[in-house]
Amino acid sequence: MMRRHTRLTFLFAMTAVAAIGTAIGCSGTSDPGSGAEGGAPLGEGGTVGRSVTPGEDGGPPTALDADASSDAMDDAGGDASDASDASDASDAMDAADAYDAAPPPGPLSPTYVDYDVNHVLITGQSNAVANGGVPVLTSAQPFTNLMFDTGVMPMTTCDGNGCKAYQTPNAFVPLVESDKFFNYTAETPANGLADEISHLAAQKFEFGVRAGYPAKHDVLASVHGRSGNTYWCLRKGFCQYNADRGHMSPFAQAMMEVTSAKTLAAAAGKTHVVRAAVAIHGESDHYAYVDGAPEFPLAGTDGVPNKIKDYSDGLLEWQQDYESSVKAITGQAQSVPLFISAVSGWTTTRTSQVAQWQLDAHIRAPGKVVYVTPAYPLSVNNDCLHFDSTGLRRLGEYFAKAYARVVLAGDKWEPVRPKTIARAGSVVTVTYFVPAPPLTLDTVHVTNPGNFGFDFLDNGAIVAISSVAVTAPDTVTITLGAAPSGVNMRLRYAQNQDVNPATRCIGPGTVYGGGARGNVRDSDATPSRYGYDLWNWGANFDFSVP
């Protein structure tokens, strides 16, 4: 693989070992039991293992696999150590002769390796391909971000089941929203994602400003999603029923995009790396469960029968297949995390197993599957099923914020999610991971669905909640109407969909009826390229209570 080594790359390579030690020592959060007294730890980014999901034994996600945890820690330092691996040993020695200074201090990770073209692969179902994403908002490229000359969605002959042909590109062109999946031009999340990454690179990470830093961070965005497709149809290997219709595998298309990008970059004398995959997905698998026809368990893409037990397993497999397949094409050392948003909404049941399995995957595979944001704060189309163009571009910016934390800062991303849950009589205390304290209960930008989004279940029955309050920068205290029985108790948040056909919708409830949602958010002031609020909202969850 051809790779351009900048002065920054050399400096970072020479301090990689020290940087890894520092990163590992500092990246963990505090002891999960250090929150409210008697709290039950709900898993954090430093551990990995098979989680216990609702309906198995009633327990919260639990880390069990020590070997997997060790592997995850190895992966956490992989990019840094690979910067000075055997293939680059001579370059590193040359760098030692040429530069004896420490890496320039600043916000950029010392393990960061600079590339000319930073590729992000976008998959998912209808929201990924901008079903209803009108009007188009982004008709000019404010930075130097890229798409293929065949469009941000380089496929053709598409319908509600799939697409039949890949459009091989001949060049990179400026990224704008000018493509269509159905019969209209729409705003995908691509510009929001790429432009916000470039914006943050300059505004927060001082690209083009700080001495020794790269001038810019150009993103190539390409979409290979399919409207209405389940995980089985999007993963490596494809689903048989769409293959029988003559449709092309979306995953295979993604690898065609990687090959095309590598070829075009090389021809232009540029370096190329795949930084991440993004998935905006979950609705079709949710409804498959509701209809009693789930496609899980599935054989693994490695051929092991019934290996993929549920959607959470699928997300872990998806990330592993993206990473291994990309590396086989590019030869890159960099990992390929899978950034996910929560299922956009559902309208026929109060709760969703898929929404919980998405959070479980984040806990099970720290740094590999990255839960970015719930979907309920995003604005929606009048069909009450899809985001509008503003919601899609804002969603792209949420992905960009997490990308910047992981790729540019070299840190891990945690959404606003419970760290511990404790109970004393009728008082339940939830301590959260909070990217930007303090927490607040916001009923202006998301309407209150009742109890600010919380449900408490006592042996299967929802019981009365007297009050919900933020009692510390990272803590929410819920007071029940009476002390519960102590049998099979659960706390849910944003698992409260209105199922009334006359009023049900998805989203924040500020224009239409609103979907499964809650009012917990942090105070993140991350600057937005397109002027959006980018607070981190509480993840949908369903956990047991001690």
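Mind counting the residues in segment 362-373 that are in contact (Cβ under 8 Å) with a residue 60 or more places away in the chain and within 18 Å of T188 (Cα to Cα)? Write out each step before concluding.
First, the residues of segment 362-373 that are in contact (Cβ under 8 Å) with a residue 60 or more places away in the chain: 363-368, 371, 373.
Then keep just the ones that are within 18 Å of T188 (Cα to Cα); that gives 373.
Qualifying residue count for the region: 1.
For segment 189-211, give me the residue count where each residue is out of contact with any Gly (no Cβ under 7 Å at 6 or more places or on another chain) and in a helix (DSSP H, G or I).
Adding up the residues that qualify gives 8.
Any chance segment 354-361 includes a residue that's touching a residue at least 24 places away in the same chain (Cβ under 8 Å), crowded, with 22+ Cβ neighbours inside 10 Å, under 29 Å from G106 (Cβ atoms) and in contact with a Lys or Arg (Cβ under 8 Å, 6 or more places away or on another chain)? Step through it out loud before you land on a result.
First, the residues of segment 354-361 that are touching a residue at least 24 places away in the same chain (Cβ under 8 Å): 354-361.
Filter again for crowded, with 22+ Cβ neighbours inside 10 Å, leaving 354-361.
Imposing the further condition that a residue be under 29 Å from G106 (Cβ atoms) reduces the set to none.
No, that holds for no residue.
Pull up segment 483-497, narrow it to residues that are surrounded by 14 or more Cβ atoms within 10 Å (Cβ to Cβ) and in a loop (DSSP other than H, G, I, E, B), then point me to the one that is farthest from the chain's Cα centre (by Cα).
Once the filter is applied, the top-ranked residue is P484.
Given the residues T526, T479, which is the only one that is part of a strand (DSSP E or B) and modelled with pLDDT of 95 or more? Give the steps one after another, and end with the answer.
Working: T526 fails: part of a strand (DSSP E or B).
Testing whether each residue is part of a strand (DSSP E or B) and modelled with pLDDT of 95 or more leaves just T479.
Filter segment 136-160 for residues that are touching a Pro at 6+ places or on another chain (Cβ under 8 Å) and outside any loop (DSSP other than H, G, I, E, B); which is surrounded by the most Cβ atoms within 10 Å (Cβ to Cβ)?
M147
Tell me yes or no: at least one residue of segment 503-519 is assigned to a strand (DSSP E or B), closer than 18 Å to Y376 by Cα, not assigned by TED's automatic domain parsing to the domain that holds T349 and not aliphatic (A, V, I, L, M).
No, the conditions are met nowhere in segment 503-519.
Of (1) over 22 Å from the mean Cα position of the chain (by Cα); (2) among the hydrophobic types (A, V, I, L, M, F, W, C); (3) modelled with pLDDT of 95 or more, V274 satisfies all except one. Which?
(1)
Which one of these is modelled with pLDDT under 95, closer than 26 Å to Y311 by Cβ and in the same structural domain as S139 (by TED's automatic domain parsing): A243, A252, A221?
On the way: A252 fails: modelled with pLDDT under 95; A221 fails: modelled with pLDDT under 95.
Only one candidate qualifies: A243.
For the list (1) surrounded by fewer than 24 Cβ atoms within 10 Å (Cβ to Cβ); (2) within 18 Å of the chain's Cα centre (by Cα); (3) not hydrophobic (A, V, I, L, M, F, W, C), I need the number of the one condition that R364 fails.
With respect to (1) surrounded by fewer than 24 Cβ atoms within 10 Å (Cβ to Cβ); (2) within 18 Å of the chain's Cα centre (by Cα); (3) not hydrophobic (A, V, I, L, M, F, W, C), R364 is out only on (1).
So Y289 passes all but one of these: (1) surrounded by fewer than 21 Cβ atoms within 10 Å (Cβ to Cβ); (2) touching a residue at least 60 places away in the same chain (Cβ under 8 Å); (3) within 23 Å of G151 (Cα to Cα). Which condition number does it fail?
(3)
The values are calculated or read from the model by the stated rules, or taken from the named source; none is laboratory data. Predicted model only: the values in this text are computed from it and were never measured. Virtual Cβ from ideal backbone geometry, glycine too; neighbours counted across all protein chains shown.
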